[in-house]
Amino acid sequence: MTVGTAKEQVTSQGELARLDVERVRQDFPILQRQVHGQPLVYLDNAATTQKPRAVIDALSRFYEGSNSNVHRGVHALSQEATDLFESARQKIGRFLNTRKAEEVILVRGTTEGLNLVAQSYARPRLKAGDQILISGMEHHSNIVPWQMVCQQTGAELKVAPINERGELIMEEFVKLLSAKTKVVSVVHVSNALGTVNPVRQIVELAHRVGAIAVLDGAQAVAHAPVDVRALDCDFYAFSGHKLYGPTGIGALYGRAELLEAMPPWQGGGDMIKSVTFAQTIYNDLPYKFEAGTPDVAGAVGLGAAIDYLQAVGIEQVAAHEADLLAYGTQLLSDMEGVRLIGTAAHKAGVLGFVVEGAHAHDVGTILDSLGIAVRTGHHCAQPVMDFFNLPATARASLAMYNRREELDALAEGLREVVKVFA
Ligand code: PMP
């Protein structure tokens, strides 16, 4: 790997060293390619991040040298694959600061993690009269699983509103909390607006009324350190592919006492201790929640992604992205005809915007012709679009390998768009 060790990241004066973005870019092969004859400017990192060589190599190494199914074999390859798989779980546990590795359930991603909590924690417990509280800035994957549970149990979904800057209105959130609230589930960082929610405070408020606190960490884990013990949350879900890892793998952290008390949500191989037609004894944590052959290579790749991010230094990444966000915000705010959507006081690297008179898809298409990848649409957050009375926005989202020149290219591209639609 070409990045420095953690020790090298602190200068002799004890300051945080700046992220060497040019060096980091060398680690991402895809960044060398061109799109429509132009150098790729990849600003769609909230949808998925690109993968460093270390992750790509870990996947090939696994398939070339260690591929086997896990947990069920006495032969060498199966044991090797099991060790690699379980060491990925331990890395994730250390990365999130869980109390034990068994609190890490390997799932397909954030969506599956949230569905697991909805079906296995909430569905068996909730009844008519109970409430689930979410926020008005949730991704569909933190809305629909709760709507399903409400239909299944008779519980009611409550939504805490947001303001014009895209911030949760805390006084309203507090008003909606009561003894009826059994689950509070909130996004840590909004994918559509970039808002960073006061999640520590939200968890504490939820606990005060006896509710559990679930956090959607899809947009948070790659951008700032996350410590589930310090947050004191009960569940935390994230996706590997937004953390420089492969698609198809992610993790759900769950507090051990809660996971122990929950029934499995899927049945099959690996999640059992013994099966007869009369009775099945479920396996211990974490296997009780991992029915079937898991994405072994994916877990190995995710472990490599965490190693990579930690070697670069997550604090450096956060500082670098904060600098880019401030730079990009200034550029877009100064632009005639461009309006930023999502201007919270506390934001992560997401720049949502609209160009007056232009549909977001046309904005995206013109930018694409210049080699600039942004996302356009409702970003799986239709209620957010409804709140702002917009059909869609364009979104530039940042990662460790982005640089100021790419935001200049975006601004240059937007000047073209504004000219076309003026
Ligand atoms: N929550 C948020 C805030 C997201 O940004 C996303 C992905 N766009 C998800 C949940 C769902 O993640 P996945 O599709 O990887 O399950």
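So here's what we get for this one:
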read-out: Qualifying residues in segment 170-197 (those that are free of Cβ contacts under 8 Å to residues at least 60 places away in the same chain and under 20 Å from the mean Cα position of the chain (by Cα)) - the one most open to solvent (accessible area, probe 1.4 Å); value: His188
read-out: The listed residue being of a type in the set (Asp, Glu) and closer than 30 Å to Arg255 by Cβ, out of Asp27, Asp83; value: Asp83
read-out: Every residue from segment 229-250 that is buried (at least 24 other Cβ atoms within 10 Å of the Cβ) and away from the ligand (no atom under 16 Å from the Cβ); value: Asp234
read-out: Meets criteria (within 16 Å of the ligand (Cβ to nearest atom) and surrounded by fewer than 22 Cβ atoms within 10 Å (Cβ to Cβ)) for Gln151; value: no
read-out: Subset of segment 217-228 (residues that are open to solvent by less than 10 Å² (accessible area, probe 1.4 Å) and away from the ligand (no atom under 12 Å from the Cβ)); value: Val228
read-out: Residue ID - farthest from Ser178 (Cα to Cα), chosen from residues in segment 101-157 that are over 20 Å from the mean Cα position of the chain (by Cα) and either at pLDDT below 95 or among the hydroxyl-bearing types (Ser, Thr, Tyr) (or both); value: Ser120
read-out: Residues of segment 69-100 classified as buried (at least 17 other Cβ atoms within 10 Å of the Cβ) and among the aliphatic types (A, V, I, L, M), total; value: 6
read-out: Count of residues meeting criterion [within 21 Å of the chain's Cα centre (by Cα) and either surrounded by fewer than 17 Cβ atoms within 10 Å (Cβ to Cβ) or of a type outside the set (D, E, K, R) (or both)] in segment 31-52; value: 9
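So that you can scan it fast, the table gives a plain yes or no per residue for (1) farther than 25 Å from Val221 by Cα; (2) away from the ligand (no atom under 16 Å from the Cβ); (3) touching a residue at least 12 places away in the same chain (Cβ under 8 Å):
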| site | (1), (2), (3) |
| --- | --- |
| Glu64 | yes, yes, no |
| Glu80 | yes, yes, yes |
| Phe95 | no, yes, yes |
| Thr110 | no, no, yes |
| Gly113 | no, no, yes |
| Leu116 | no, no, yes |
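The values are calculated or read from the model by the stated rules, or taken from the named source; none is laboratory data. In this text the structure is predicted, and so the values were computed from the model without any measurement. Cβ sites come from the backbone with ideal geometry, for glycine too, and all protein chains shown count toward neighbours. These area figures cover heavy atoms from the full protein model, side chains too; ligands, DNA and RNA do not enter into them. Shrake-Rupley method; radii C 1.70, N 1.55, O 1.52, S 1.80 Å.
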